[in-house]
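Report on one structure; see the data block that follows.
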Amino acid sequence: MASKQRAVSRLIAQAGQMLLAHGAESTLVGDLMRRIGMASGMDEVEVSLSASSLVVTTVYQEHCITTARRCPDRGINMRAITQVQRICIMLERGIIDHVMAQHKLNQISPERYNRWLVVFMIGLSCAAFSRLAGGDWIVFIMTFIASTTGMVVRQEIGHRHFNPLLNFAATAFVTTAVSAQAVIYELGNSPSIVMASSVLMLVPGFPLINSVADMLKGYINMGIARFVMASLLTLATSLGIVAAMSLVGVWGWVV
């Protein structure tokens, strides 16, 4: 019986670790971990979450096991989160047991889109914002070039596992330096729109939304931690933009 409890405790902790690492909302993480534990036959499951770790306590036949895990950030990936949800549902419906659930959990790989497809779509979205802001097709093209260049830099730095703050600052610097050429050479009907639109890819929207959701649902510490991280990413982006503007001597949309 103790071996089953240990196995289920590891299963719950691994599922929670995967959910937190890939950007799931705290309420979802806590609920799924409890549901997985109860569906696996545990009497009680208690979960405590923090910004970089989690603690799980399971009670089975009056025997208690507590385990803790670190949760490093591995980037937002909804595919991994939905796979964990499917495993939870299959457990609850009795389709699989905790042994098969562990096997399925070990097989989850956070697949990502082709990097060049991501670069193209990011460039297209930022360029679309420039058109919505009143820019002509030259502004559209310059925004596309600046944002795709910045996204390539962001991916290259990310693949080398640099600090995210450094990544955002460097990406903002390169993107702004490229987009400033539109102002220097007076390309398009409103060159300053290029500088404003090309850095929109660096807005940390998902962490900000999650932080507010966490605080509204009672996970105050998690919400504050995520809000602070999102604010630091915004600050790093701002520093990169200001540094590039100072270097090229173009202040664009700031003035």
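The values are calculated or read from the model by the stated rules, or taken from the named source; none is laboratory data. None of these values were measured; they are calculated from a predicted model. All Cβ positions, even for glycine, are placed from backbone atoms using ideal geometry, and neighbour counts span all protein chains on display. We work out accessible area using only protein heavy atoms, side chains counted, and drop any ligands, DNA or RNA first. Shrake-Rupley method; radii C 1.70, N 1.55, O 1.52, S 1.80 Å.
Only one of G37, G23 is out of contact with any Leu (no Cβ under 7 Å at 6 or more places or on another chain), modelled with pLDDT under 90 and either of a type in the set (G, A, S) or assigned to a loop (DSSP other than H, G, I, E, B) (or both); which? Steps first, answer last, please.
On the way: G37 fails: modelled with pLDDT under 90.
Just a single option satisfies the conditions, and that option is G23.
Restricting to the range 141-163, and then to whatever is touching a residue at least 24 places away in the same chain (Cβ under 8 Å) and of a type in the set (A, V, I, L, M, F, W, C), can you tell me which residue is most open to solvent (accessible area, probe 1.4 Å)?
The residue in question is I145.
Quick one: in the range 48-58, which of the residues that are β-branched (V, I, T) and open to solvent by less than 30 Å² (accessible area, probe 1.4 Å) is nearest to I108 (Cα to Cα)? Can you show your working first?
Step one: filter the range 48-58 for residues β-branched (V, I, T), giving 55-58.
Then keep just the ones that are open to solvent by less than 30 Å² (accessible area, probe 1.4 Å); that gives 56, 58.
Values: V56: 21, T58: 24 Å.
The residue in question is V56.
Can you say whether A128 is outside any loop (DSSP other than H, G, I, E, B), in contact (Cβ under 8 Å) with a residue 40 or more places away in the chain and small (G, A, S), as far as the supplied structure shows? Working first, answer last.
Details: outside any loop (DSSP other than H, G, I, E, B): yes; in contact (Cβ under 8 Å) with a residue 40 or more places away in the chain: no; small (G, A, S): yes.
So A128 does not fit the description; no.
Here's a check for you: in the range 164-184, which residue that is closer than 23 Å to A128 by Cβ and open to solvent by 30 Å² or more (accessible area, probe 1.4 Å) is nearest to the chain's Cα centre (by Cα)?
V174
Which count do you get for residues in the range 201-255 that are open to solvent by 70 Å² or more (accessible area, probe 1.4 Å), touching a Ser or Thr at 6+ places or on another chain (Cβ under 6 Å) and in a helix (DSSP H, G or I)?
2
Name the single residue, out of those in the range 59-98 being assigned to a loop (DSSP other than H, G, I, E, B) and open to solvent by less than 90 Å² (accessible area, probe 1.4 Å), that is modelled with the lowest pLDDT. Steps first, answer last, please.
Going residue by residue through the range 59-98, those that are assigned to a loop (DSSP other than H, G, I, E, B) are 61-62, 71-77, 93-97.
Add one more test, that the residue is open to solvent by less than 90 Å² (accessible area, probe 1.4 Å), and what stays is 71-72, 75-77, 94, 96-97.
Working: C71: 86, P72: 83, G75: 78, I76: 82, N77: 86, G94: 90, I96: 90, D97: 90.
Step by step, filter the range 59-98, then rank; the result is G75.
Taking interchain pairs and intrachain pairs at least six residues apart, which have beta carbon atoms under 6 angstrom, with the first residue in the range 44-56 and charged (D, E, K, R) and the second surrounded by 14 or more Cβ atoms within 10 Å (Cβ to Cβ)?
The qualifying pairs are E44/V59; E46/T57.
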